[in-house]
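The values are calculated or read from the model by the stated rules, or taken from the named source; none is laboratory data. What you are looking at is a predicted structure, and each value in this text was computed from that prediction instead of being measured. Reconstructed Cβ throughout: ideal geometry from the backbone, glycine too, with neighbour counts over all protein chains shown.
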Amino acid sequence: MQITVDSDRCVGAGQCVLAAPAVFDQDEDGVVSLLTEHPAADQHTAVRLASSLCPSRSITVTVQQD
Amino acid sequence: MKSAEPSVVDFPLRRPGEAFPPPRYQDYRTREGLVVCHLPNGNRAWLVTRHEDVRAVLTNKKISSNPDYPGFPNISDTMGVPRQEQIPGWFVGLDSPEHDRFRKALIPEFTVRRVRELRPAIERTVDAQIDAMLAAGKTAGNTADLVADFALPVPSLVISTLLGVPPVDRDFFESRTRTLIAIRASTDQQRNEATKELLRYINRLVEIKVKWPGDDLISRLLATGTLAAQELPGVLMLLLIAGHETTANNIGLGVMTLLQNPQWIGDDRVVEETLRFHSVADLVSLRVAVEDVEISGQLVKAGEGIIPLVAAANHDADAFACPYQFDPARTERQHVAFGYGVHQCLGQNLVRVEMEIAYRRLFERIPDLELAVPVEELPFKYDGVLCGLHELPVRWSQRPSGAQQEEH
Ligand code: SF4
């Protein structure tokens, strides 16, 4: 799983931080920052939740097929 | 794309005593496309009721939040809420990119981390309010109105602490706010007067913070310089109003629901479920199309009003299993109780924490809290923009447990 965030679109709602605190953080300005681009498998559900909750659709999740 | 005339319904639908959300929302969701409604002022607007469609509307750049566009679906004369041109900094009616400068300036005050830092202060506030309620209850036969004595003062105290309102001014500040938001108990004229007085007060407070900055939101906003001092009154009024009655209604309805479903007392998941289940801000997100757009296969023309119904979206069975059941254990969390898109509630994390602490402390300290009247007799508030309870009469019998009373 690969995550990208679009910090320009981020509106700082913090939904990602609440849903997946191991993967997302907010910087001083409240803008999303990514702690890891490739989260461990046990984080995948939380990351998908974060991406679906994000009100500005700033979080994109891509999954490579092996 | 559908452009044939659908049937027209009247709106708003809510009537005192009627179940909420109105059963007709369910019917609207199953109809193809959107539903057209007639507003009290004779205008027409599109009602959006499906979860997916509401999220699509609230993230569509061709759809505006600006009430000055012709066709904007005003439900009433905005309940005394001022417009952008009347109060600079009233940014909820702005679209991007104008809106974003305000939002960005405020975000640092409401991040998950900042709100976590506010926890101890919120806990103290909640406890002090419970103390006051219990003390007053002694002379009133251990009864209280949980709305007036708890649900309203808590967010009021929290927001005034955050804004840096000096303790000596609290009474003034809170009494005017109370008038402003007490839709039933105050007249239009009283509310207008209260708005003016509050604005005057806020202007003076900003002047003071310019000269003597403190450790508060106003001083920090001034220090960053992103917003002009003249814009602050609108911004602060907005924080004040938005942070107040919405939270109060959520706490009031939440306590009522917990008293009816005591098996969930002590479970923090009730916060998210109360938000979804009661969807107090059903009518808050009004919009107007600025270009032709297609929503759910329906052509919406530029200049047509759009009303995304938050409560309808939050009770859509395609998004939430058994949506009319209060079920804090549900796993679906994508409710739109705080709206969606760039205008999604800025203070949502603060509201969550206030609700969580309020429920936890209330039931820890007054474990035998109960309704003093049957649920059917509770005065529900469906006549304003927000839904909630006008009053929540409660009582308790045992001597309450808590820090001050512990002496086993
Ligand atoms: S949920 Fe979206 S908008 Fe909110 S902080 Fe995270 S990335 Fe930004």
Report the residue count in the range B:183-242 for those that are over 21 Å from B:Leu152 (Cβ atoms) and either among the charged types (D, E, K, R) or touching a Cys at 6+ places or on another chain (Cβ under 8 Å) (or both).
10
Can A:Val5 be described as under 9 Å from the mean Cα position of the chain (by Cα), away from chain B (no Cβ under 14 Å) and of a type in the set (Val, Ile, Thr)?
yes
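Results for (1) within 15 Å of the ligand (Cβ to nearest atom); (2) more than 18 Å from the chain's Cα centre (by Cα); (3) free of Cβ contacts under 8 Å to residues at least 60 places away in the same chain, shown as yes or no for each residue.
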| residue | (1), (2), (3) |
| --- | --- |
| B:Ala313 | no, no, no |
| B:Pro323 | no, yes, yes |
| B:Arg330 | no, yes, yes |
| B:Leu350 | yes, no, no |
Count of residues meeting criterion [away from chain B (no Cβ under 11 Å), charged (D, E, K, R) and in a loop (DSSP other than H, G, I, E, B)] in the range A:8-50
1
Taking A:Phe24 as meeting all but one of (1) at pLDDT below 95; (2) out of contact with any Gly (no Cβ under 7 Å at 6 or more places or on another chain); (3) within 8 Å of the ligand (Cβ to nearest atom), write down the number of the exception.
(1)
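So, in the range B:115-125, of the ones that are without any contact (Cβ under 8 Å) to a residue 40 or more places away in the chain and surrounded by fewer than 21 Cβ atoms within 10 Å (Cβ to Cβ), which residue ends up farthest from the other protein chains (Cβ to nearest Cβ)? Break it down stepwise before answering.
To start, the set of residues in the range B:115-125 that are without any contact (Cβ under 8 Å) to a residue 40 or more places away in the chain comprises B:117, B:120, B:124-125.
From what is left, the residues that are surrounded by fewer than 21 Cβ atoms within 10 Å (Cβ to Cβ) are B:117, B:120, B:124.
Values: B:Glu117: 13, B:Pro120: 19, B:Arg124: 23 Å.
Among residues in the range B:115-125 that are without any contact (Cβ under 8 Å) to a residue 40 or more places away in the chain and surrounded by fewer than 21 Cβ atoms within 10 Å (Cβ to Cβ), the one farthest from the other protein chains (Cβ to nearest Cβ) is B:Arg124.
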Can you report the number of residues in the range B:253-303 which are closer than 18 Å to B:Asp327 by Cα and not charged (D, E, K, R)?
22
Residue under evaluation B:Ser296, criteria (1) polar (S, T, N, Q); (2) more than 24 Å from A:Gly14 (Cβ to Cβ); (3) free of Cβ contacts under 8 Å to residues at least 40 places away in the same chain, criterion not met
(3)
Just give me the residues in the range A:29-50 being touching a helix residue (DSSP H, G or I) at 6+ places or on another chain (Cβ under 8 Å), more than 8 Å from the ligand (Cβ to nearest atom) and small (Gly, Ala, Ser), in sequence order.
A:Ala46
Restricting attention to the range B:344-397, which residues are under 29 Å from B:Ile75 (Cα atoms) and of a type in the set (Phe, Trp, Tyr)?
B:Phe380, B:Tyr382
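Just to check your reading of the model, which residue among B:Arg170, B:Arg178, B:Arg204 is part of a helix (DSSP H, G or I) and at pLDDT 90 or above?
Working: B:Arg170 fails: at pLDDT 90 or above; B:Arg178 fails: at pLDDT 90 or above.
Among B:Arg170, B:Arg178, B:Arg204, only B:Arg204 is part of a helix (DSSP H, G or I) and at pLDDT 90 or above.
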